[in-house]
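Remarks on the structure that follows.
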Amino acid sequence: MALTSTNPDAGPNKSDGPDDSPSSAAAAPAFSTMETAGLLWNMARPIFARWWPVILLHVVLSILTLSVLQGAATVLLGQLTNAIAGRQAVAADGLDASSLAASAELNETLIPLFILWVVVLAISVIAGFAQKYVMAVVDSRIGMDMQRATFSALLRQDLSYFHSQGKSPGELVMTLNHLTVQVQMAARTLLIDGVVQVTSFVIIGTLLLHSLSDLAVTGGGNPDARVWWIFGGVVVLGGACSWWINSRGPNLHSASQDLQAAMMRMNTLLTSVMTSPDEVKVLQAEELFEKEHLAAALHMQHQKLALARKLEATNTLRTIPADLVQAALIGLAVLLVLLYPGGGAFKPGILITIVGLTPQLMMVMEMIAGWRAEIAMSGPAIRAVSEILQTPKDGVRTRAAEQSVS
């Protein structure tokens, strides 16, 4: 095997391998969210059809741990707080017959609420462990089938693919070992966990709206319907802010693409040296390849830091809508207490429920708003793997699909 130089200034040898410079990454096709999502769905659909039972179990356990159990624990904590506050209020009223009866009733309610709250927390811990394990199983199944399909497609490629396409062995090995893992993670995060996040958003939003409605009780005992509209407006505004912040997806796509090019450059260099040690010795090229390795490592480090900087900036900005929505909902709760003083005695547990549910709601909303950024981050890997699977030679696409479900 001939040695391949990866130094951009290495003269004629530059044409022996792929052009991994940032300029070549910039010349890649324009980023399209819907197109990339379509490619991901086409690759993942036959794999999902094979492993749908374990995927369904993962979805159910994820909904339980992300919204149902956490929401139930928060609501029970609010009710427990109301029971404790009511017990203290009854004790302050004196020891007449009605106060004693009310105190006995609260005592009967307080202990079962506490036990139920502890049980829900215990179930949440057990379900969380089960969900993590099932998620690992789903990841391993999808990843294995994705690698098998890609490897099978490469085996059936015509020889012209490896020459005319300019695919170096290092680039193909990286696609098989690393990029397929990125595609697998994107398939689970976007296509499977997306269902979990939307469902959890509806469940937590319903619990939060119910708690706000308890504060807006009119003299007739019915909640004011305007609370629903105000709540919806606050949530829509928070979601719009999160979506706008995550519109930085194309920037993340470019940074991810540059990092992928740097990793391919390094992989090509290492593959060339490790598969041709005799030629390195004969040509006495140790010092040359040490310099090239240092240059490739520094370039890859620069690209990693650039991607980390953009990603952390986006994550920091994503916390702003959550804080704004929480402040708006707490402010709404205070306003409702002032506007509806005759609807009944204020229950402090409602405020605790709102404070506990709001971060859960915004966490799910941030996940949903982050879909675009996730597609942007995984876009280069999705396109690279899809290019191999969809190459129309020797029925590659059909055979790869058959291998993934066999």
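The values are calculated or read from the model by the stated rules, or taken from the named source; none is laboratory data. Every value quoted in this text rests on a predicted model; they were computed, and no experiment measured them. Don't worry about glycine lacking a Cβ; one is built from the backbone with ideal geometry, like all the others, and counts go over all protein chains shown.
Quick one: what pairs do we get from the stretch 271-290, first residue within 27 Å of residue 175 (Cα to Cα) and in a helix (DSSP H, G or I), second acidic (Asp, Glu) and modelled with pLDDT of 80 or more, C-beta under 7 Å, 6+ apart or different chains?
Cβ pairs passing all conditions: 280/286.
Taking the conditions exactly as written (under 30 Å from residue 347 (Cα atoms), in a helix (DSSP H, G or I) and either of a type in the set (S, T, N, Q) or in contact with a Leu (Cβ under 7 Å, 6 or more places away or on another chain) (or both)), does residue 206 satisfy them or not?
So residue 206 passes the test.
Rundown of residues vs (1) modelled with pLDDT of 80 or more; (2) buried (at least 18 other Cβ atoms within 10 Å of the Cβ), yes/no style:
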site: 308; (1), (2): yes, no
site: 314; (1), (2): no, yes
site: 318; (1), (2): no, yes
site: 321; (1), (2): no, yes
site: 326; (1), (2): no, yes
site: 335; (1), (2): no, no
site: 341; (1), (2): no, no
site: 346; (1), (2): no, no
site: 354; (1), (2): yes, yes
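Against the conditions (1) more than 25 Å from the chain's Cα centre (by Cα); (2) modelled with pLDDT of 85 or more, where does residue 10 fall short? Just the number, please.
Exception for residue 10: condition (2).
Conditions tested, residue by residue: (1) of a type in the set (S, T, N, Q); (2) at pLDDT below 80; (3) within 30 Å of residue 179 (Cβ to Cβ).
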| position | (1), (2), (3) |
| --- | --- |
| 53 | no, no, yes |
| 56 | no, no, yes |
| 74 | yes, no, no |
| 89 | no, yes, no |
| 96 | no, yes, no |
| 103 | yes, yes, no |
| 112 | no, no, no |
| 117 | no, no, no |
| 122 | no, no, no |
